[in-house]
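Notes to accompany the following structure.
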Amino acid sequence: MHVTGIIAEYNPFHNGHAYQLRRIREERPDTIIAVAMSGSIVQRGTPAVLDKWQRAELAIAGGCDLVCELPFLFACRSAQDFARGGVRLLMSLGIDALAFGAESDDLGHLRALAAAIDAPETQERTGRLIREGKSYAQALTAALQGLGFARGAELHEANNILAVEYLRALRGTAVTPFLIQRRGAGYHEADLQELASATAIRQALRTKTPDWTALAAAMPPGTLRVLQEAFPGAIPEPDALLRALKLWLLTLSRDDLMAQYGLPAGEGIENRLQEAAGRAKSTGDFLQGVVTSRYAKSRVQRLIPHLLLQTPRALVAAADEKGPRYLRVLACSARGRLLLRRVKCESPLPLITKVGPFLHSRDRLRLPELPLERQMLAFDTFATELRTLTLPELSAPDDFTRSPRFFKP
């Protein structure tokens, strides 16, 4: 049995994702495609445009065979941690290849970059540049360019960055990397077209009257139908969490704030967070008030859900040490069931199709007493509840009642 892994967000599933799946089927026609997908809060720290079950079902309809949730403690992290968490989860499913897209088509060069990052001279230069006030991404790029590894702005491209991190995470494994060059619009381009970016699609959904005709050209009909049904009441509002964030930051002591994940001591970021919270009239204002050369917008944005959920620093450290501790199924094709049967017999991780037998909602009231896997799962449910609060039409969170969808042949 051959299994090809993908680490994805499908936020939402569009033509570019469908193209990637077609390429995999062309090259590996008999493979099972297993996906580690972010849940209710995505890697950039924002609520997913559709809920995780909708996105998983659209992925199966688009050609995937199994979609498992990448736990929040890995999904809403830096590219390095996102990649490491996804690779470790997929290896628990027994993948023999990892497919990923990038702006570059030069796998050898991307591998060289991945190896160069961990070289002592790169680490020394990166650390020095960080101490001089650069962000990690800026410092790493400058260090690699200075040593002659990076070419131009290639590490400013989102998919190249992730590709390099996937390759770093794969080092020392027998998993084959399968690079698929990205086609169509760039990650940050806002134009709607046949191969539009997910960013462009999400921006179009923020208008009062989306151009559904233009959106239809950028995605499979199933995605368009689900988005039209969800709009506007079940599409997250960009500023919905701002009031809660302001209240939390303005009433918390400095010591309590510094106990949270993502806030290094001695850098004064806590002061900027509280000052920005006092002035901000929008999430954009808040981000602008916190961003510095050291703290990029993406890093600050990822902090927001962790601050609101009060993610403990020690819990993240434990998760990083142990990796994902369960395989939570969100959707599965008939072919995916074959993989689930093998996983059930061979994987050391428990397979979760229903949360209830594994975690009760009341258990979360004694979170520090729970074993790591149940704390990890609890934060997945917290993330779902946080996303629910961003919807114009509030609804009950589904984690304790929703089961995965198993597609028939």
* To do: Kindly provide the helix-only [θ] at 222 nm of the chain, computed as the sum of -39,500 (n - 2.57) over DSSP H runs of four or more divided by all residues, to the nearest 500 deg cm²/dmol?
  => -14500 deg cm²/dmol
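Can you sort W53, W212 by 1.4 Å-probe accessible area, starting with the largest?
The residues order as W212, W53, largest area first.
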* **DSSP beta bridges in the chain [antiparallel fraction, %, rounded to 5]** => 20 percent
* Asked: Each residue of the stretch 110-127 in turn: what ³J(HN,Hα) in whole Hz from Karplus with 6.51, -1.76, 1.60 and θ = phi - 60°, glycine and Pro shown as x?
  -> 4, 5, 5, 4, 4, 5, 5, 4, 8, 5, x, 5, 5, 4, 5, 5, 4, x
* **Per principal axis, descending, Cα span of the chain in whole Å** => 56, 52, 48
* Of the heavy-atom accessible surface of the chain (probe 1.4 angstrom), what whole percent is carbon and sulfur? -> 51 percent
* Asked: Ranked by accessible surface with a 1.4 Å probe, highest first, in what order do F382, F286, F149 come?
  -> F149, F382, F286
* Asked: Considering the dipole of the stretch 176-321 built from charges on the beta carbon (Lys and Arg +1, Asp and Glu -1) around the Cα centre, which of T209, F178, M219 is farthest to its positive end?
  -> T209
* Structure fact -> For the stretch 234-250, Karplus-derived ³J(HN,Hα) couplings (6.51, -1.76, 1.60; θ = phi - 60°; whole Hz; x for glycine and proline) come out as 10, 9, x, 8, x, 9, 5, 9, 5, 4, 5, 5, 4, 4, 5, 5, 7
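Which trypsin sites (Lys or Arg not before Pro) from the stretch 196-269 combine a DSSP loop assignment with at most 11 other Cβ atoms within 10 Å? It would help to have the intermediate numbers written out before the result.
Values: sites: R202, R206, K208, R225, R243, K246, R254; in loops: R206, K208.
Hits after loop and neighbour filter: K208.
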* Structure fact -> Residues meeting the amide H criterion for I180 (H placed from the backbone, H to H distance under 5 Å, 5 or more places apart or on another chain) are F100, G101, A102
* Sparse-neighbour loop sites [trypsin sites (Lys or Arg not before Pro); the stretch 131-175; at most 12 other C-beta within 10 Å; DSSP] -> R171
* Structure fact -> Residue-ordered couplings for the stretch 28-42, obtained by feeding phi - 60° into the Karplus form 6.51 cos²θ - 1.76 cosθ + 1.60 and rounding to whole Hz (Gly and Pro as x), are 9, x, 9, 6, 8, 9, 10, 10, 9, 10, 4, x, 6, 10, 8
* What accessible area per residue comes out for the stretch 1-131, rounded to a whole number of Å², with a 1.4 Å probe? -> 30 Å²
* **Those GluC sites (Glu not before Pro) in the stretch 340-393 that DSSP places in a loop and that have at most 15 other beta carbons within 10 Å** => E393
* Asked: So for F406, F82, what's the accessible-area order with a 1.4 Å probe, most first?
  -> F406, F82
* L242: net charge of surrounding residues, Cβ under 13 Å, Lys/Arg +1, Asp/Glu -1, itself excluded? -> +1
* To do: Consider just the alpha-carbon atoms of the stretch 104-212 and return their Rg together with their Dmax, both in angstrom.
  => 17.0, 53
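The values are calculated or read from the model by the stated rules, or taken from the named source; none is laboratory data. For clarity, every value in this text was computed on a predicted model and none was experimentally measured. Every residue, glycine among them, receives a Cβ derived from its backbone with ideal geometry; neighbour counts consider all protein chains shown. The area values use the complete protein model at the heavy-atom level, side chains included, leaving out ligands, DNA and RNA. Shrake-Rupley method; radii C 1.70, N 1.55, O 1.52, S 1.80 Å.
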